[in-house]
1. Could you point to the residue in A:A268, A:A63, B:L357 farthest towards the positive end of the protein assembly as shown's charge dipole, with +1 and -1 charges on the Cβ of Lys/Arg and Asp/Glu respectively?
2. If I model a spin label as a point 7 Å beyond the Cα along the Cα-Cβ vector, how far apart are those points for B:S180 and A:R125 in nm?
3. Which whole number in µm²/s is D for chain A by Stokes-Einstein, with the Kirkwood Rh taken over Cα pairs at 37 °C and 0.692 mPa s?
4. Determine, for each peptide in A:67-77, A:39-49, A:91-101, the mean count of other beta carbons within 10 angstrom over its residues, then list the peptides with the highest first.
5. Convex hull over the alpha-carbon atoms of the stretch B:13-127: what's its volume per residue in Å³?
6. Counting other Cβ atoms within 10 Å, which GluC sites (Glu not before Pro) in the stretch A:254-343 have at most 11 and lie in a DSSP loop?
7. Size of the dipole of the stretch A:187-342 about the Cα centre, Lys and Arg at +1 and Asp and Glu at -1 on the beta carbon, nothing else charged, in debye to 20?
8. For the pair A:D312 and B:D330, how long in nm is the line joining their label points, each one 7 Å along Cα→Cβ?
Amino acid sequence: MADSILVDTAERLFGAIITPQVLAAAEHGDFPQAAWDALAEAGLHLGLLPESAGGFGVAPDEALAILRIAGRHALPLPLAETMLAGWLLSSAGLPVPDGPLTIAPGTGLVLSRDGAKWHIAGTARGIAWGRDAAALVVLADVEGCSHVALLSGGYTIEERLNIAREPRNTLVIDAVPDAVAPSPHSALDLRAAGAATRALMIAGSLERITAMTTQYALDRSQFGRPIGRFQAVQHSVATLASQTAAALAAAGIAAESILPTLRLPAIAAAKARGAEAAGIGAALAHQIHGAIGFTYEHTLHFHTKRLHAWRDEYGGEAEWNAYLGRHLAAAGADALWPTLTAI
Amino acid sequence: MSALTFPPPPASDTAEALRADVRAFLAAELADVPATKRMESWSGFDPEFSRKLGARGWIGMTFPTQYGGHGCSNLERYVVIEELLAAGAPVVGHWISDRQSGPSILRFGTEAQKRFFIPKIVAGECFFCIGMSEPNSGSDLASVRTRATKVDGGWLINGTKLWTSQAHQAHYMILFCRSSGTPDDRQNGTSQFLVDMKSTKGMAIRPVHAMTGEHHFNEIHFQDAFIPDDALLGDEGQGWHQVTSELAYERSGPERFLSSFILLVETLRVLGPAPPERAAIAIGRLGAHLVTLRRLSRSVAGMLEAGENPATQASLVKDLGALLEQEIPDIARAIIAIDPPTEATERFAEVLAYTTLHAPSFSLRGGTREILRGIIARGLGLR
């Protein structure tokens, strides 16, 4: 991915504000408000919005590339979800509120209408930063048609965390939505868009741990020389780098596949490949870092824990490989190559 | 440029427009070629096909027009070669000429050499082989012992080359050997020569059969074999530099991840349009690997087109590509049982057997996995 001004801005900003202290505090429940304010001030969360809704006309792949930078810095903020919420709201013609936003697929929720009066109820699980979001955007079916509902309240929050101790709350909802509109997107679309964000974040995280691991192999000496001088270690680092390269390609595909049109097979390939690289990469980074990388004091875990979380969120390898496999099989053996090149 | 710089592959409408032409040509040309032939991938030899490809303008595409080339971009060439490989076209005849020998002659050759060789290569009528490895010089190429000794009007070659693919069917060899000093001088004192394989005296070609019994490799003995002065390619003593300057082209192309592609096609054929979940997952995974590798490989093609030297990235592509090529037969057999044999799996089993028995070579030829990972480690700053 070419580094744009947006990417440079994100790199500078996240590099300055996301310190190990901020990451540790986030694990203990402190929402990094100052970091969010700086991000919002720079408008980094607005890139997917049309100019009419407050966006600034940047190409979608450039806008999404900042998620790779977020991944590099283990950004403990709902940047991906805020971008996706804005995408859902604006594509349904609804205004996008300020502040960190999050999204919920309709699973477990019932959105219903009584005349002109809407109501939504049920339990939504695994909601990223549900605890901290200013509003929740739900995508739910009403009489077979997909609808977007915006809620700024009317739900109670149960504390839940993912493996990286990022909030993934359970929300018990009984609310009158602030706004509802038909959506052009299905639940699968939203899941795929979410998967694309994770493919980008995984690639950034792998870039980071590859750099950290390479540096560690140069710095750490045993048997009288840096461990990076040992061929066995060199080959492990090279393998980590090649998985990172694959994840970067996956991220590039993901960045081109939400807008202008949502390309599900491409996202399936990107998320599945990125997720596979995440697992292999995290394991290699730990192996090369040795015992120190297993401590809380060392910062490696902030990244590897996120790799483990993100590879599962919005669908892991099995789900997206199966999707892509069915797509390829349906096209048939003789159409395999044209189908792959069309991805 | 860092080792992990992979810019988005440049979009090329010209290249994409070409794709339909190539597909139509291949559909017609290969209509009667069965999977059990296509499976040979870029080891398949058919001089008639090479000539037809030359007539279509699809060999030497990037070579300058003044020598009969077509002045196209690397991206256009990329489309043609990936389509050829995906279809299992028999390309080995001209493959080395198009990928390496032609570009080397254009870069280092004399005007007379360019005028002599390039038009023949472009026509698909001049096949090259590469004389690099020796019995005691495999990955350690700098230890070569084959020697060119200066004599009046030319050079006398003495020594043995080994693993030379297609030497028995090639018209010329690009020979890498020592032209001064001793093997202890390593990279220094090496040169490249263009050796006529059809008329050079003092040269004996002996087949080295692969474990399948096939004849691709050869051992070539040179005993006071005389080659004229104008056989020297580039500068005497610059052989190492010349050989290594083309490695990014050799290691990043689609032939580094499509060698088992025909087996994947036949796997899908046996599975049918609605495979069980476990098979769908396996097929999808291979598809995801192919799609991402193709993007990396095209990204390297874009960097080459821009005049950069992405040697580390090329090694990353080849390392990942060989892993995928070697996984395909393992995964195919895990999702389709070939025992007991059935009519539906007969052809699949034959393609599986061929690919299984060729798979070990995928991480040996063109730089072993160990060599590639060393290059990647160097690119990362570890050596």
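Any read-out appearing in this document is the output of simple, stated calculations on the displayed coordinates, not a laboratory observation. Since the model is a prediction, treat every value here as computed from it, not as a measurement. All Cβ positions, glycine included, derive from the backbone under ideal geometry; neighbour counts span all protein chains shown.
1. B:L357
2. 7.6
3. Estimated via Stokes-Einstein, D reaches 158 µm²/s.
4. Order by mean packing, descending: A:67-77, A:39-49, A:91-101.
5. 81
6. Filter output for the stretch A:254-343: A:E297.
7. 280
8. Result: 2.6 nm between the two label points.
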